[in-house]
Amino acid sequence: MRRPRIHRRFLWPFIAFIVSGALVAWLLGNLMYAATLERRLTDQLEHAAGVLADGALPLTPGLLARLARLLRANIALLGKDHAGVTFSTAPIPAALFRTLPASDAGPAAPVVAFKAAGFVAVRRALPAGRDDRYGAILITADLSDIRRASRRSALWLGLAAMAAVVGLTWLLHRIGRSITQPVEALSRMAEAIARGERDVRVRVERDDEFGEVASALNAMTERLARYEQEMVRQDRMAALGNMAARIAHEIRNPLTAIKLNVQLLTEDLPPDRRATVVTLEREMDRLELIVAGVLSQAQGAPTRLERCAIDPGRLVSETTALFEAQFKHQGIDLQTRLAEPLPEARLDPDRLKQVLLNLLVNARDALPDGGRVLVTCRHDPDTADIVITVADDGPGLDPTPRALRVGTDTSTKPMGLGLGLPLSRELVAAHGGTLILGRSTLGGVQADVRLPLDATHTEAE
């Protein structure tokens, strides 16, 4: 996986800063450690020279040799001129002796400390009357032990610094990845969204700002997917509406000719056979109404109802009678149950019949191998509504009842367009009622149409 650039920009400057800081600390630590050791050694030599110069101890060779071993140093006694070596517990390197600073005149010569040829040396003048044979004490110590100790300290400090650098680098890497990984995941999700993918989701299980951004981005993607689906649905519905308007326009003329010929045929039939033709004529009138409604909707006009006082039970009986032969041929048991008495309602009979036809066609198509369809009509005294129910024992839908919304249902039929239920809902809403789908007591789908007895408004949006 390609490491994000923000991670490199975040990590490498910190690594460089830590390495340079560790290197400076290592150098300063070594210098301070070596200087401290040399300073302590010089103080020790100055103290010893002071004790010998003050006369507390005799300046005998044996004492000086023991003190030199104790101090791990070399003690020498200089002549009156502070230059010639009168006595020494060990040989003094010539290079050190050549760098010996000249003494100040007078008995109160100061203490002189200096370094040369890998040695540190302290010269202390003897006070007058201390010993007429000597003029000063010179104590020298080899710096090799201190330098070895400094090298060992530098090695251990270097190892500790390297370990600290590695540990801090790993820690910064983890901190950086904890920041850049969510950013990288969000970036990949944004790229996927830009490519048109709408089912992508990012999983950032954190309760900080990154988790909030991830949740917001997921919610935005879901809303965007729903918006695009809605746009596709609207485009589809617009295309279907345009096609329906074209078809309705082409159907109008032959339908008018068919109706005219049926009317002429009715005049030549005997009275006992005219009832069937009259039924056909009424159905052609309803077809003309449907065609006119399609053309009106295509022009953007609202749905208009022709309300009149009707018997809802009679309308239901007439509609189901149109399907009895067809349902029986398909092996479907069609039952109609009407509650008595039913009050009259001001409804548009043709529009309401169109709704029932759509629901019965859906029930028929859900039972290709036969089954049972129950149509009921009753009055609900609590809400003063007429309730028409069409239930089947087919495969059913979602068991949770839900209000039908326009365009949310797509057809599962091979040749279905998914327009029957949305159009039915519009017609029911024009009456001021509701159309609700749910699971029926028969085990299939149940459509409940609730219609007020008298609504004050007459058009749907």
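Summary of values
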| quantity | calculated |
| --- | --- |
| Exclusive hit being modelled with pLDDT under 90, outside any loop (DSSP other than H, G, I, E, B), surrounded by 14 or more Cβ atoms within 10 Å (Cβ to Cβ) and not basic (Lys, Arg), set Thr319, Thr376 | Thr319 |
| Checking Ala95 against (1) outside any loop (DSSP other than H, G, I, E, B); (2) surrounded by 15 or more Cβ atoms within 10 Å (Cβ to Cβ), the condition it does not meet | (2) |
| Condition met for Met32 (at pLDDT 85 or above, under 56 Å from the mean Cα position of the chain (by Cα) and of a type outside the set (S, T, N, Q)) | yes |
| Single unsatisfied condition, Met162 versus (1) under 30 Å from Leu67 (Cα atoms); (2) at pLDDT 85 or above; (3) part of a helix (DSSP H, G or I) | (1) |
| Residue satisfying all of: in region 32-83; part of a helix (DSSP H, G or I) and hydroxyl-bearing (Ser, Thr, Tyr); farthest from Ile137 (Cα to Cα) among these | Tyr33 |
| Hits in region 109-128 (condition: touching a helix residue (DSSP H, G or I) at 6+ places or on another chain (Cβ under 7 Å), over 12 Å from Leu96 (Cα atoms) and not hydrophobic (A, V, I, L, M, F, W, C)) | Arg124, Pro127 |
| Residue identified as assigned to a loop (DSSP other than H, G, I, E, B) and not assigned by TED's automatic domain parsing to the domain that holds Tyr33 among Asp199, Asp132 | Asp199 |
| Ala121 being surrounded by 15 or more Cβ atoms within 10 Å (Cβ to Cβ) and touching a Leu at 6+ places or on another chain (Cβ under 8 Å) | yes |
| Filter result for Glu281 (outside any helix (DSSP H, G or I), at pLDDT 70 or above and within 29 Å of Leu264 (Cβ to Cβ)) | no |
| Residues of region 344-373 classified as within 20 Å of Leu451 (Cα to Cα) and acidic (Asp, Glu), total | 3 |
| Residue in region 150-162 that is aromatic (Phe, Trp, Tyr) and under 60 Å from the mean Cα position of the chain (by Cα) present | yes |
| Looking only at region 98-115, and only at residues there that are at pLDDT 80 or above and farther than 12 Å from Ala49 by Cβ, the one that is nearest to the chain's Cα centre (by Cα) | Lys115 |
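The values are calculated or read from the model by the stated rules, or taken from the named source; none is laboratory data. All of these numbers come straight from a predicted model, not from anything done at the bench. Every residue, glycine among them, receives a Cβ derived from its backbone with ideal geometry; neighbour counts consider all protein chains shown.
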